[in-house]
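Shown next, in structure tokens, is the structure this report addresses.
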Amino acid sequence: MPGSPVHNRPPGPADDLDLAGIRADPLDFLTALAADYGDLCSHRTRGEAVWFVNRPDLVRHILKDNYTAWTKAGTPDDFMLTPLLGKGLLTSDGPAWERQRRLCAPAFRGRQVEEFDTLMTDAAEDLAATWEKAAAEGRMVRVDHDFTALTLRIVADALLGADLAAAGPGFGRAVDDINRFIGHFDGEPAQPGADDPEFARSGRAYAAARSFLARVVGVLVAARRFTGPPVDRPADLLDRMLASRDAHGDALTDRELHDQVLTMVMAGHETTAKALSWTVHVLDRHPEHAAAVRAELATVLGGRVPRAADLPRLDLTRRCLEEAIRLYPPVWLISRRAATADVLDGYDVPAGTLVCISPWTLHRHPAVWDAPEEFRPERFTAAARQARPGHAYVPFGGGPRVCIGQSFATTEAVLVLATVLQRLELRGVAGHAVVPEALVTLRPRDGLLMTPHVLAGGVGR
Ligand code: HEM
């Protein structure tokens with residue numbers, strides 16, 4: 001916000017920094033900022049002071065203890081996502097957010113989510129079969145693309161059930177067009193490159209995709225309200241959200257349901273796809289852990305398809321996922337604005353201040369993590385977790401606005417990994433560098449190209 005006070009702001013570079021410079025490598029920028037100026041620091045860009053918080057207790061203060069003093073309104077996420085998603089759970093605030101969270105939460109509880117296990121493993125089996133075919137033909141696969149298609153299918157099936165088939169392949173294409181545009185767009189009118197023809201083309205595709213999705217979702221919600229839940233299959237998330245009532249007996253309105261469905265589709269697939277991609281990438285770099293995961297899968301499953309009931313025994317598989325998203329958190333930046341004045345570590349925070357938290361830097365904090373760059377799944381045993389300060393590990397955020405899809409994503413990712421890694425080994429391609437790039441999500445900059453190899457009797461390299 002131009003004109004915010006400069007006095008009493010945490011240490012940081014004195015000059016106003018060029019946003020394009022920060023965007024060129026935000027991970028490096030934030031890492032250097034915290035290293036040079038400490039766990040509570042700040043910088044100025046476009047005349048506004050932006051605070052950066054990199055200490056678990058301060059993160060907890062903002063996300064949990066004093067969360068009502070902090071809003072999403074006016075944050076980069078708000079600019080980028082509200083035009084697309086409206087005011088669903090991800091982008092709303094205050095009483096509107098509270099009401100939606102209360103109504104949606106029951107549909108996302110662990111037990112409810114576990115009922116989707118077969119739907120998740122069916123999709124994973126199809127993907128494994130495609131990769132086995134590629135292996136037989138000696139072809140490489142774009143793991144990140146394939147995981148995105150997989151997670152979109154899973155979240156759309158779980159949310160909307162069979163109805164989505166009526167929208168045909170258009171649904172997946174529309175989501176692709178949106179992801180492509182949003183990845184390079186920050187919602188600000190004077191964005192550099194706005195006159196670039198490719199940007200304009202991608203913008204038109206985005207607008208068409210947005211209106212297509214809005215219409216499809218509108219029809220699906222209206223049809224379900226009219227006909228009630230189908231009798232020939234278990235309830236999906238839309239049925240559950242339609243049935244939920246708040247304390248006054250009120251249901252979600254059509255507008256709220258529409259925004260909610262789009263929010264869940266968009267928030268619920270790209271992130272999980274990145275979590276899966278980074279996990280297979282780190283396992284490829286750490287063959288000893290990959291072999292231990294295969295041994296766990298052989299012992300627990302012995303070649304059969306996993307079910308939700310197996311999850312407690314797929315402990316190492318889950319820890320590898322958790323450690324992979326410590327190193328490569330799909331959501332690498334969380335931001336809030338101070339709705340009212342607050343105090344952070346003795347500094348007065350004026351109302352309106354923009355504050356950023358980065359899971360990328362927090363998950364590498366040397367005071368919390370030994371050898372932070374090393375992949376060590378043992379960091380996620382029950383004892384190791386207990387020994388860590390709360391809010392040191394925040395891949396799903398924290399406090400009351402913690403990711404509502406956390407159980408869904410974890411169940412899905414572990415079941416997908418268990419299904420696929422029993423059948424295949426995915427190996428990196430020589431000469432194809434895998435470099436993290438921080439766009440909307442943290443993704444491999446040049447994609448994740450790998451060669452699949454069919455495992456004979458569960459034996460890898
Ligand atoms: C590995 C996968 C995922 C990651 C890393 C992730 C990460 C996050 C993070 C960090 C937040 C908090 C953002 C903030 O505080 O500003 C969040 C919120 C949210 N996520 Fe996820 N997410 C994942 C999967 C999902 C799935 C599968 C769904 C839905 C099916 C989902 C739906 C949402 C929604 C609706 C919110 C907003 C919650 C609220 O504000 O009440 N996410 N997610």
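Annotations for the structure displayed:
- Axial C-alpha extent at least 24 Å, average Kyte-Doolittle at least 0.0 - helices from the chain (DSSP): 143-160, 197-227, 406-423
- With the simple spin-label model, which puts each label point 7 Å out from Cα in the Cβ direction, the Phe375 to Arg201 separation comes to 3.7 nm.
- Packing rank of 113-119, 153-159, where each peptide gets the mean count of other beta carbons within 10 Å, highest leading: 153-159, 113-119
- Cα gyration tensor, region 16-454 - rounded (a/c under 1.5), prolate or oblate: rounded
- Long-range amide H partners of Trp70 with built H, under 5 Å: Ala339
- Positive minus negative residues near Ala205 (Lys, Arg vs Asp, Glu; Cβ under 12 Å): +2
- Region 16-454, dipole about Cα centre (Lys/Arg Cβ +1, Asp/Glu Cβ -1), debye to the nearest 20: 760 debye
- Most tightly packed first, judged by the mean number of other beta-carbon atoms within 10 Å of their residues, the peptides 230-236, 302-308 read 302-308, 230-236.
- For the chain, the carbon plus sulfur part of the accessible surface works out to 57%, probe radius 1.4 Å.
- Per-residue 3J(HN,Hα) values for region 329-339, derived from phi via the Karplus relation 6.51 cos²θ - 1.76 cosθ + 1.60 with θ = phi - 60°, read x, x, 9, 9, 9, 10, 10, 9, 10, 5, 6 Hz in sequence order (x marks Gly and Pro).
- Within-11-Å neighbourhood charge of Val293 [Cβ basis; K, R +1; D, E -1]: -1
- Mean accessible surface per residue for region 18-133, computed with a 1.4 Å probe while every protein chain stays in place, in Å²: 42 Å²
- Each residue was assigned an accessible area with a 1.4 Å probe, and for Tyr206 the value is about 20 Å².
- Working ranking of peptides 441-451, 169-179 by packing, defined as the average number of other Cβ atoms within 10 Å per residue, highest first, is 441-451, 169-179.
- Estimated translational D of region 1-98 in µm²/s (Stokes, Kirkwood radius over Cα pairs; 10 °C; 1.306 mPa s): 105 µm²/s
- In terms of accessible area, using a 1.4 Å probe and ignoring ligands and nucleic acids, Thr31, Thr68, Thr279 rank largest first as Thr68, Thr31, Thr279.
- Amide H contacts under 5 Å for Leu424: Leu455, restricted to partners 5 or more places along the chain or on a different chain, H placed in the peptide plane at 1.01 Å from N.
- Per residue, region 279-331 exposes 37 Å² of accessible surface when a 1.4 Å probe is rolled over the protein heavy atoms with every protein chain present.
- Residue-count net charge about Ala324 - beta-carbon cut-off 12 Å; Lys, Arg +1, Asp, Glu -1: +4
- Volume of the Cα convex hull of region 377-461, divided per residue and given in Å³: 154 Å³
- The alpha-carbon of Lys87 sits under 20 angstrom from the alpha-carbons of these lysines, leaving out residues fewer than 8 places away in its chain: Lys72.
- Helical content of the chain, expressed as a calculated mean residue ellipticity at 222 nm, amounts to -15000 deg cm²/dmol (DSSP H runs of 4 or more residues, -39,500 (n - 2.57) each, divided by residue number, nearest 500).
The values are calculated or read from the model by the stated rules, or taken from the named source; none is laboratory data. Predicted, not measured: the structure shown is a model, and the values here were computed from it. Don't worry about glycine lacking a Cβ; one is built from the backbone with ideal geometry, like all the others, and counts go over all protein chains shown. Areas reflect the complete protein model, heavy atoms only, side chains present, ligands, DNA and RNA absent. Shrake-Rupley method; radii C 1.70, N 1.55, O 1.52, S 1.80 Å.
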